[in-house]
Amino acid sequence: MTDAGDQNMLLSYYIHSFVPNISVVHTSSNFFTSVYVPMAFRCEPVLQAILACSAAHLAKGAPNPEDQARLLELSLRSQVRCHRFLQERINLNGRLQRDHIEAIAIILLLVGLEVQNGATTDKWVCQLDCSGGNSVFCRRSWEAEALYEHFLYHDVMSLIMSGVAGSETDESDAASPSEIAASSPLPFAEAEVPWARFLPQDRPRPSSASSSSTTQRQTSPGSIHPLLGLSKDLFFLIQKIPRVKPMRNAAEGCLNLAENELFLNLERQLVDLRFDLASDACVGIDLAARLDLVVLAETYRLASLILLYRRSCVHEDQIPLLAQRIISFAERISEGNAAETGLTYPLFLAGAELVDEQSIVVCATKLMKIRERVKIMNMQSAEEVLQEVWRDRLNGGPYRDWENILRSWKWVIHLG
């Protein structure tokens with residue numbers, strides 16, 4: 001067991017260094033601290049998951065090999081305790097039997113641990129699948145809503161890898177146009193919110209009108225996502241992209257694009273989506289940070305269009321233009337700013353489509369500096385894949401798609 005001194009040090013590091021390091025905005029409502037830390041004081045295994053993440057991250061900056069080895073050992077011991085807790089609560093069918101919220105919190109923290117350690121196997125996807133059935137359950141309490149938002153982030157990152165991990169959605173599973181047009185799960189009805197009596201009286205009340213449109217949703221103050229910033233609604237749209245059937249040739253594409261309402265609905269919503277600088281979610285955040293969040297959200301939106309257009313040969317010629325715009329937006333976020341932490345996903349998708357050396361250098365430099373600052377090692381895996389793409393492209397070799405490279409390496413990486 002971790003002794004009290006180590007535990008206090010690692011918990012303090014988690015709150016004051018680790019969480020600010022991985023968050024795109026600094027707010028008191030960050031679920032990594034406002035939900036997980038209080039939960040850790042009533043559930044020891046949640047605390048162990050926090051300590052595992054904290055120790056593993058701190059080890060990357062250890063001054064000597066001895067300290068690094070000790071911290072990694074502490075992380076491993078905490079992980080063992082987490083797995084023991086989960087084994088006692090998950091049946092042979094992968095269903096949670098009890099302590100649902102705590103178990104899901106641990107799983108999500110362990111997914112994050114795999115990411116920060118630079119995992120290239122599908123272990124993190126399997127861990128995520130274990131919590132994937134929680135979407136209905138995770139709308140029953142304040143804590144569960146936060147868990148669902150955390151799950152949303154990792155779920156989209158796994159969907160980006162669906163073509164690599166062999167989990168592409170079958171045509172028979174594709175959503176209907178009405179499902180695509182619908183936005184995220186409906187907000188709580190006021191009567192269902194157990195904490196309603198503690199909320200300000202002027203809190204915007206959810207309504208069917210406000211929840212029917214992705215671009216018009218009301219957001220309560222302080223609800224900005226620590227990993228997605230202003231892009232939470234956008235990520236609900238990205239979840240639908242793998243359901244669009246790929247169109248592999250021009251004839252097929254021309255025939256289906258007129259009929260494929262899924263594609264057209266998604267394209268329209270992604271093109272029309274705008275991010276509000278004066279959103280209630282930005283209350284208490286200074287103007288410079290708000291501008292960074294809007295820029296980050298724009299890079300996410302453009303990257304999402306790349307994901308969508310990769311499924312249509314008719315739109316392939318638009319992808320390099322989108323990639324160039326992402327690089328232009330990313331350059332607007334100053335080095336060291338919190339929002340810069342969220343650029344891995346858009347920079348990777350843009351970088352894989354760049355054709356000119358100058359833009360490639362900008363992309364590579366940005367990724368390298370972010371990795372060196374945040375010490376989240378999945379970024380190194382993303383850089384290695386891009387280097388493979390660029391090597392062939394700059395040497396006049398054949399075009400290599402990043403998905404094909406990942407398949408050949410048997411890698412499944414997280415772009416968070």
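Odds and ends about this structure:
- Residues within the range 338-359 that are touching a residue at least 60 places away in the same chain (Cβ under 8 Å) and polar (S, T, N, Q), tallied: 2
- Residue within the range 57-65 that is surrounded by fewer than 17 Cβ atoms within 10 Å (Cβ to Cβ), without any contact (Cβ under 8 Å) to a residue 24 or more places away in the chain, assigned to a helix (DSSP H, G or I) and outside the structural domain of ILE285 (by TED's automatic domain parsing) present: yes
- Number of the exception - GLU316 against (1) surrounded by 16 or more Cβ atoms within 10 Å (Cβ to Cβ); (2) out of contact with any Asp or Glu (no Cβ under 9 Å at 6 or more places or on another chain); (3) modelled with pLDDT under 95: (1)
- All conditions in (1) surrounded by 15 or more Cβ atoms within 10 Å (Cβ to Cβ); (2) out of contact with any Pro (no Cβ under 9 Å at 6 or more places or on another chain) hold for ILE326, with the sole exception of (2).
- In the range 255-267, the condition of being farther than 19 Å from VAL24 by Cα, at pLDDT 90 or above and not in a helix (DSSP H, G or I) is met by no residue.
- Qualifying residue in the range 292-299 (condition: hydroxyl-bearing (Ser, Thr, Tyr), in a helix (DSSP H, G or I) and touching a residue at least 40 places away in the same chain (Cβ under 8 Å)): yes
- Residues satisfying the stated conditions in the range 357-394, i.e. surrounded by fewer than 12 Cβ atoms within 10 Å (Cβ to Cβ) and of a type in the set (D, E, K, R): GLU357, GLU372, ARG391
- All positions within the range 363-415 that are more than 24 Å from SER23 (Cα to Cα), part of a helix (DSSP H, G or I) and among the small types (Gly, Ala, Ser): SER408
- Every residue from the range 395-411 that is surrounded by fewer than 16 Cβ atoms within 10 Å (Cβ to Cβ) and modelled with pLDDT of 90 or more: ASP401, ASN404, ARG407, SER408, TRP409, LYS410
- Restricting the range 268-291 to residues that are within 25 Å of GLN324 (Cα to Cα) and part of a loop (DSSP other than H, G, I, E, B), the residue that is modelled with the lowest pLDDT: LEU277
- Entry remark, the range 76-91: residues being among the β-branched types (Val, Ile, Thr) and closer than 15 Å to ILE104 by Cβ number 1 in total.
The values are calculated or read from the model by the stated rules, or taken from the named source; none is laboratory data. None of the values given here were measured: they were computed from a predicted structure. Cβ sites come from the backbone with ideal geometry, for glycine too, and all protein chains shown count toward neighbours.
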